[in-house]
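The values are calculated or read from the model by the stated rules, or taken from the named source; none is laboratory data. Please read these numbers as outputs of a predicted model, since none were measured by experiment. As a convention, Cβ positions derive from the backbone with ideal geometry for all residues, glycine included, and neighbour counts pool all protein chains shown. Accessible surface areas use protein heavy atoms only, side chains included; no ligands, DNA or RNA. Shrake-Rupley method; radii C 1.70, N 1.55, O 1.52, S 1.80 Å.
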Amino acid sequence: VPGANTWIQVVRFEKDSGWVDESSIITIVDYHYFDVYGIDSLTGRFFDEKMGTDDSAAVVINEALMKAYGWEDDPIGKTISWGFNPETNDPGRIMKVIGVVKDYHFKSLHNRVQPQMMFPAAFDKFHLSIRINEENKQQTLDFIEEKWNDFGANRPFNYRFLEDTWDEMYVAEKKLGIIFTIATLLTIFIALLGLLGLSSFVAEQRTKEIGIRKVLGASIGNVIGLLVREFAI
């Protein structure tokens, strides 16, 4: 799940001068991750189950990592070492960059997009991401729960929508928005009270003028327009 299955780790990446240590966001994904979440490709390709080496020797990076590592000219084919051990000189998992995705916010908009690398791994999967449409939503959820119980190894079926998770990132902004709305309405109400009092005062001061205009044939609409024109502006 974007923003949930990530951690920061120091990796080694290829430079002209040799290996250089840098930190990066690590995200474990599967072959359908980019399609399900609608992540756009900038260059290269996504993971392909037909490619025998993609599950162990391929990595997809984001624009931020490409720029941070200075690979803007030709990122495809660059090498990243993940899980190296300096004490034993174990190089860890050596991966080639096969694609670059356009930057997308996998955390709150308060945070800039950080360098990120994505690759498959044989870890336990804690989440199952399913893309559904709004039509017959409840029936779809019931069907998913039924299949989950068939294959879920007696684990409870819990689900939530991604937009709910994202909404929780902006609770403070929503509260601030409510406060601003209330303050704005109160300000407008007080201002209108002031205008009401001022317009009543002006009308009282112009009682004789209004009477003369009525005698000369002015309509109620003409009189009201005369009084409220300036205040309306």
Filtered hits (lysines, Cα-Cα < 21 Å from residue 107, offset >= 8 within chain) -> 67, 125, 174, 175
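Taking the Cβ of residue 48 as the center, what net charge do the other residues with Cβ under 13 Å away carry, scoring Lys and Arg +1 and Asp and Glu -1?
Neighbourhood net charge equals -3.
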Taking Cα atoms only, helix 220-232 is inclined relative to the longest principal axis of the chain by an angle, in degrees rounded to 10, of 50 degrees
So the angle from the long Cα axis of helix 137-151 to the longest Cα principal axis of the chain, reported in degrees to the nearest 10, equals 20 degrees
With +1 at each Lys and Arg Cβ and -1 at each Asp and Glu Cβ, the charge dipole magnitude of the range 11-111 around its Cα centre, to the nearest 20 debye, comes out at 80 debye
The extension gain from residue 161 to residue 22, computed as 0.36 nm times the residue separation minus the Cα-Cα distance, is 46.7 nm
Around residue 143 (Cβ within 12 Å, Cβ-to-Cβ, excluding residue 143; K/R +1, D/E -1) the net charge comes to -2
In deg cm²/dmol, rounded to the nearest 500, the helical mean residue ellipticity at 222 nm of the chain, built from -39500 (n - 2.57) for every DSSP H run of length 4 or more, is -12500 deg cm²/dmol
Mean accessible area per residue over the range 76-163 (1.4 angstrom probe, all protein chains present, square angstrom) is 71 Å²
With 0.36 nm assigned to each residue of separation and the Cα-Cα distance removed, residue 64 to residue 40 gains 7.2 nm
At q = 0.10, 0.14, 0.16, 0.18 Å⁻¹, the log10 of I(q)/I(0) for the range 25-164 from a Debye sum over equal Cα scatterers comes to -0.44, -0.80, -0.98, -1.12
Between residue 72 and residue 102, the FRET efficiency computed from the C-beta separation at R0 = 22 Å comes out, to the nearest 0.05, as 0.95
The convex hull of the Cα atoms of the range 20-75, divided by residue count, gives a volume in Å³ per residue of 107 Å³
Helix 171-205 sits off the longest principal axis of the Cα atoms of the chain, rounded to the nearest 10 on a 0 to 90 degree scale, by 10 degrees
Checking 43, 140, 79 against a Gaussian network model of the chain (alpha-carbon springs below 10 Å), the top fluctuating residue turns out to be 140
With every protein chain in place, the accessible area of residue 49 for a 1.4 Å probe, in Å² rounded to the nearest 10, comes to 120 Å²
Given a Förster distance of 30 Å, the FRET efficiency implied by the Cβ-Cβ spacing of residue 129 and residue 174, rounded to the nearest 0.05, works out to 0.75
dims of the range 133-192, Cα set, principal axes, largest to smallest, nearest Å -> 64, 23, 14
Relative contact order of the chain (C-alpha contacts under 8 Å, at least 6 apart) in percent is 18 percent
Percent antiparallel among DSSP beta bridges confined to the chain, nearest 5, equals 70 percent
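Ignoring any ligand, DNA or RNA, what whole percent of the accessible area of the chain comes from carbon and sulfur when the probe is 1.4 angstrom? Walk me through the numbers on the way to the answer.
Working: 9140 of 15990 Å².
C and S fraction of accessible area: 57 percent.
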